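**Student:** The structure under discussion is supplied below as structure tokens; questions concerning it will follow.
The values are calculated or read from the model by the stated rules, or taken from the named source; none is laboratory data. Nothing here was measured: the structure is a model prediction, and the numbers come from that model. Cβ placement follows ideal geometry from the backbone for every residue including glycine, while neighbour counts extend to all protein chains displayed.
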Amino acid sequence: MSDSYKLTVLGAGPGGYAAAFHAADHGHDVTLIDLEANPGGVCLYRGCIPSKALLHTAKLITDARDSAAHGVTFDSPKIDLDKLRAFKSSVVTKLTGGLGTLSKQRKIKYVQGRGKFVSSNAIEVELVMGGTERVEFQKVHSGQRFARRADPELS
């Protein structure tokens with residue numbers, strides 16, 4: 001299977017999805033490639049956001065303990081790890097799902113898989129659901145740099 005896009009973004013972390021959204025907002029055809037079901041990258045799936053969700057709960061426990069200085073006391077907390085994990089997962093799902101919706105609204109083609117360059121203007125994607133897809137492009141974005149090819153107005 002082969003598709004040709006003006007711009008392909010390899011990696012849908014904060015830099016990748018921002019580049020894809022910017023290009024799509026300026027009228028360019030964009031494809032975005034990543035292993036996850038929705039954009040977000042390590043920060044949203046396994047790093048900053050899950051950590052902050054858990055830190056929020058830790059702050060609640062600390063605030064409850066510290067409220068004794070103001071004359072308000074609580075029993076010791078009982079932590080239900082399954083519910084805590086579900087809360088963290090719901091935060092991640094909500095944020096990454098929102099980015100997936102924003103991608104669709106911008107008509108960005110999202111390819112879920114692991115991409116590898118096979119030429120200076122093509123990436124072969126090993127799809128998560130099985131099989132492969134070849135994505136051809138005029139420009140590619142990975143990380144913080146644009147590789148110039150046929151259309152200098154994209155940078």
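**Student:** Quick check on the stretch 65-81. Is at least one of its residues at pLDDT 95 or above, touching an Asp or Glu at 6+ places or on another chain (Cβ under 9 Å) and farther than 26 Å from Ala122 by Cα?
**Tutor:** So far as the stretch 65-81 goes, no, none of its residues is at pLDDT 95 or above, touching an Asp or Glu at 6+ places or on another chain (Cβ under 9 Å) and farther than 26 Å from Ala122 by Cα.
**Student:** Might you check whether a residue that is in a helix (DSSP H, G or I), at pLDDT below 95 and not acidic (Asp, Glu) occurs anywhere in the stretch 132-155?
**Tutor:** Yes - at least one qualifying residue is present in the stretch 132-155.
**Student:** For residues that are touching a helix residue (DSSP H, G or I) at 6+ places or on another chain (Cβ under 9 Å), of a type in the set (S, T, N, Q) and in a helix (DSSP H, G or I), scanning just the stretch 63-104, find the one that is nearest to Gly41 (Cα to Cα).
**Tutor:** This residue is Thr96.
**Student:** Still on this model: Could you go through the stretch 43-51 and let me know if any residue there is assigned to a loop (DSSP other than H, G, I, E, B), in contact (Cβ under 8 Å) with a residue 24 or more places away in the chain, buried (at least 16 other Cβ atoms within 10 Å of the Cβ) and not acidic (Asp, Glu).
**Tutor:** No: the stretch 43-51 contains no residue that is assigned to a loop (DSSP other than H, G, I, E, B), in contact (Cβ under 8 Å) with a residue 24 or more places away in the chain, buried (at least 16 other Cβ atoms within 10 Å of the Cβ) and not acidic (Asp, Glu).
**Student:** Condition test on Leu32, is it modelled with pLDDT under 95 and either over 30 Å from Gly113 (Cβ atoms) or crowded, with 18+ Cβ neighbours inside 10 Å (or both)?
**Tutor:** No.
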